[in-house]
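To start, the structure under review is shown below, and the notes come after it.
The values are calculated or read from the model by the stated rules, or taken from the named source; none is laboratory data. Since we're looking at a predicted model, the values are computed, not measured. Glycine also receives a Cβ, built like all others from the backbone with ideal geometry; neighbour counts cover every protein chain displayed.
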Amino acid sequence: MKRLTLLAVALVMVLGMAVSASAAPEVSISGNLLINAIWKGNWDFDKNAGEKATEIRQRADLYFTVTANENLKGVLGFRSVKANWGQAGWELDGAGGGKTNTIDIRDAYIDFNWPGTDVNVKAGLYTVALPASVGGASMILGERAGAVMVSAPMTDNVSVLAGYTRLFDLDDNEDSAAALDNSYLDGYLVALPLNFEGFAATPFFLYGNGGKNFPESGEDVSAYWLGSNFTMSILDPFIVKADINYGNLDADTDALDASGWLFDLGLDYTGFDFMTVSTYFAYSTGRDDDASNGSEAMPILNSDWAVGSFFFGGGSITSDDINGGDVEAGFWTIGASLLDIQSFAEGLTHTVHVLYAKGTNDKKAPGLTYGKGLTEDDSLWEVDFNTDYKIYDELTLYTQLGYINSDFDKDVWGDDVKNDAWKVATGVVYKF
């Protein structure tokens, strides 16, 4: 009888283990629905521009996270286009009068720890970004790309991260035009995250190797970037932040070469219980007037760096800033922000930005884009006043007001220059 009892217990244990091993993974759903309206004024800085003065846009994100256990999960995320109201079903006009897809895969990756270790592997499509402490994101790279990244702790305070990413691949069809053959860019990244009490930094090195037709130049291209971010909170309530970045691009033709650097410095004061005071300065090298020896501005892959919330980018609603983070290098800027100002009502906060920017590009520098690149004779002031109101914890109402008083040189850009720009934006986002 005792043997039978022991056998029954053993069978129950085995069956329990089998059920546990085959248990369905946990699936969680998250995302957001965002709607905004924006009224624009002179975003092209051009008196003859025919921009749309009013837009109402909508966007949706939907994410599925499938967790097998604490060491293994997969993420699949979708994002719709930022569709204008009036486009039936969010369909956009495509080539030949057809319609383009309006929902794309935004993220699709596997995230797991190697069994019995703290080594983490992340493989698939997700955001590949270099470290940054000022400007919200890296000026060099912040882009969704296919990548394999491996990270591992070396000590309690020091980790190492290394990986490979295919940043661009324009030849997505074997039957495509020959001009797109070998039109790709691969990246190889090594970083050393350092986290100590009151101090953090992540030195990095990124090497890029491009196919001969990237970017459609018929050139063999290689590039590298190095630098580090820096955050020091040991002086609390003062927090010091900084970034130093350098980049170099080498092509067969000297005129396509580029090399330059970015430095920024920020100081936050968190001693008030009703707001944070933030000041910053940034400088990036600009181009000279000699096109034969390449550019003296830092080469940029995909920038989401921004201060303020209008000219450089930084808007929190869809398409409510001018450059969306892709302003061209070659400027210096100084500014101050009052962040998360607690207002008279619970859940109501405000943010104020004031900044001044001036170009570092020579006024005869070739290849600059009006409204994105600033010469030494161009400058601007920006003032922003933004408000968030949490209707519920998951539902937020936004408003953004922005004004730019610019001084673009007519001798450089022509007589159609119109300097003042403004925006009024309001929107609502439901995050779940």
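Listing for the model above:
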read-out	value
So A37, is it of a type in the set (G, A, S), part of a loop (DSSP other than H, G, I, E, B) and modelled with pLDDT of 50 or more	no
Flag if F344 is under 23 Å from K390 (Cβ atoms), at pLDDT below 95 and among the aromatic types (F, W, Y)	yes
All strands (runs of 3 or more DSSP E) inside the range 268-363 with 1 or more residues being farther than 29 Å from M232 by Cα and more than 20 Å from the chain's Cα centre (by Cα)	348-359
Residue match in the range 353-366 (condition: surrounded by fewer than 15 Cβ atoms within 10 Å (Cβ to Cβ), over 24 Å from F45 (Cα atoms) and modelled with pLDDT of 95 or more)	no
Matching option when the condition is surrounded by fewer than 20 Cβ atoms within 10 Å (Cβ to Cβ) and closer than 25 Å to P203 by Cβ, among L262, L235, L249, L301	L235
Residue check, N323 at pLDDT below 95 and closer than 20 Å to S138 by Cβ	yes
Any hit, the range 384-400, residues being under 30 Å from W261 (Cα atoms), more than 23 Å from the chain's Cα centre (by Cα) and modelled with pLDDT of 95 or more	no
Candidate set from the range 326-341 (those that are touching a strand residue (DSSP E or B) at 6+ places or on another chain (Cβ under 7 Å) and among the hydrophobic types (A, V, I, L, M, F, W, C)); member that is modelled with the lowest pLDDT	A329
Strands (runs of 3 or more DSSP E) wholly inside the range 166-245 containing at least 2 residues that are basic (K, R) and modelled with pLDDT of 95 or more	none
Subset of the range 364-373 [without any contact (Cβ under 8 Å) to a residue 60 or more places away in the chain, not in a strand (DSSP E or B) and not basic (K, R)]	T369
Count of the range 375-396 residues which are of a type in the set (A, V, I, L, M, F, W, C) and closer than 15 Å to I334 by Cα	3
Some residue of the range 57-65 being assigned to a strand (DSSP E or B), among the aliphatic types (A, V, I, L, M), at pLDDT 95 or above and farther than 28 Å from T318 by Cα	no
Conditions (1) over 27 Å from K241 (Cβ atoms); (2) touching a residue at least 60 places away in the same chain (Cβ under 8 Å); (3) surrounded by fewer than 19 Cβ atoms within 10 Å (Cβ to Cβ); number of the one not met by D377	(2)
Selected residue [under 25 Å from the mean Cα position of the chain (by Cα), surrounded by fewer than 19 Cβ atoms within 10 Å (Cβ to Cβ) and not small (G, A, S)] from L185, L206, L226	L226
